[in-house]
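Each remark here refers to the structure printed beneath this line.
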Amino acid sequence: DRVGRKRILVPALGLEVLAALLLLIWPTLPGLITARLLSGLAVGLVTATATAYLHDLHSTSHQDAGPGRFELVSTAANFGGLGAGTLVAGFLAQFATAPLRTTYAVFVVLILVSMVAVGLSPETVQDCADRFRYRPQRIRVAGADRAHYAVAAASAFTAFAIFGLFTSLASGFVAGTLHHPGGLLAGAVVFAVFGAAALAQTATSHLAPARRFGLGLPAEAAGMVVLAAGLRAAGLAAFLAGGALAGAGA
């Protein structure tokens, strides 16, 4: 907010390029850990900054419009990107030569294109002349509305736990428990979860938060029940349906 969007995004995307190059040339456990650390730092810098940058650009170019377009684009960028990335990676893992390297080579090219696009985009934040010292802030709930804050925090935790379950373990479930090996199918499972999340968030954007909670939390629970039943019966269709329902709820 003080130094501008592009001064954060361009170096962060550079960190992503460095992480991908490390995964290309240093395919060992220390290389993996180092590259993932750099990638995680970059993701943390990019996600919040890019979302704020999208909001700035939308507000500047569509001053009389409501937030609907911005919400649609940011949802597609976040959840759609997570889903599309796993789908493309799954395809490359199954059909490309040297799958452990080809995926990251494609990633490097896409990030370089993104860096050029950000470089050509206008800056939306005026550089602050005053000097400041960063101080970590405690998490504090203003006022007496701690109960609603706790409910919202717990709900967010369950949503990201569901996404984490699929991004980390879905391929193992599909290949092991369900006996359907293949990178493309594993990527498609995660794509279905994040795709359902993006569609649900877009379709319900006009509803009040309480109404969205009332729809989302039961959908999460029902989706996990269906998913567990699919695992127990070794049924791929139920597993996919449960994942999509849980993702929509999340």
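Listed values, structure above:
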| read-out | value |
| --- | --- |
| Residues located in the range 1-26, provided they are under 21 Å from L110 (Cα atoms) and either open to solvent by 60 Å² or more (accessible area, probe 1.4 Å) or hydroxyl-bearing (S, T, Y) (or both) | R7, P11, L18, L21, I25, W26 |
| Some residue of the range 66-73 being exposed (fewer than 14 other Cβ atoms within 10 Å of the Cβ) and not in a helix (DSSP H, G or I) | yes |
| Residue selected from the range 191-218 under the condition among the small types (G, A, S) and surrounded by 19 or more Cβ atoms within 10 Å (Cβ to Cβ), by the criterion nearest to F91 (Cα to Cα) | A192 |
| Residue count, the range 55-77 (criterion: in contact (Cβ under 8 Å) with a residue 40 or more places away in the chain and closer than 24 Å to A192 by Cβ) | 4 |
| Failed condition for L9, given (1) modelled with pLDDT of 95 or more; (2) over 30 Å from A203 (Cβ atoms); (3) of a type outside the set (D, E, K, R) | (2) |
| Exclusive hit being open to solvent by less than 70 Å² (accessible area, probe 1.4 Å), in a helix (DSSP H, G or I), among the β-branched types (V, I, T) and within 21 Å of S121 (Cβ to Cβ), set T51, T86, T60, T103 | T51 |
| Flag for V141 being of a type outside the set (S, T, N, Q), buried (at least 19 other Cβ atoms within 10 Å of the Cβ) and more than 30 Å from R7 (Cβ to Cβ) | no |
| Answer residue from the range 27-41, given it is open to solvent by 50 Å² or more (accessible area, probe 1.4 Å) and under 18 Å from the mean Cα position of the chain (by Cα) and is farthest from R131 (Cα to Cα) among those | R36 |
| Among (1) surrounded by 10 or more Cβ atoms within 10 Å (Cβ to Cβ); (2) at pLDDT 90 or above - the single one L120 does not satisfy | (1) |
| Cβ pairs under 9 Å, 6+ apart, first in the range 159-188 and at positive phi and open to solvent by 20 Å² or more (accessible area, probe 1.4 Å), second in a loop (DSSP other than H, G, I, E, B) and not β-branched (V, I, T) | H179/A234 |
| Hits in the range 227-243 (condition: open to solvent by 30 Å² or more (accessible area, probe 1.4 Å) and either in contact (Cβ under 8 Å) with a residue 60 or more places away in the chain or of a type in the set (A, V, I, L, M, F, W, C) (or both)) | A228, A229, L231, A233, A234, L236, A237, A238, L240, A241 |
| Of the criteria (1) at pLDDT 90 or above; (2) under 20 Å from the mean Cα position of the chain (by Cα), which one Q94 fails | (2) |
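The values are calculated or read from the model by the stated rules, or taken from the named source; none is laboratory data. Remember, predicted model here, so these are calculated numbers, not experimental data. Note that we place each Cβ from the backbone using ideal geometry, even for glycine, and neighbour counts take in every protein chain shown. Just so you know, the surface numbers come from the protein's heavy atoms only, side chains and all, with ligands and any DNA or RNA stripped out. Shrake-Rupley method; radii C 1.70, N 1.55, O 1.52, S 1.80 Å.
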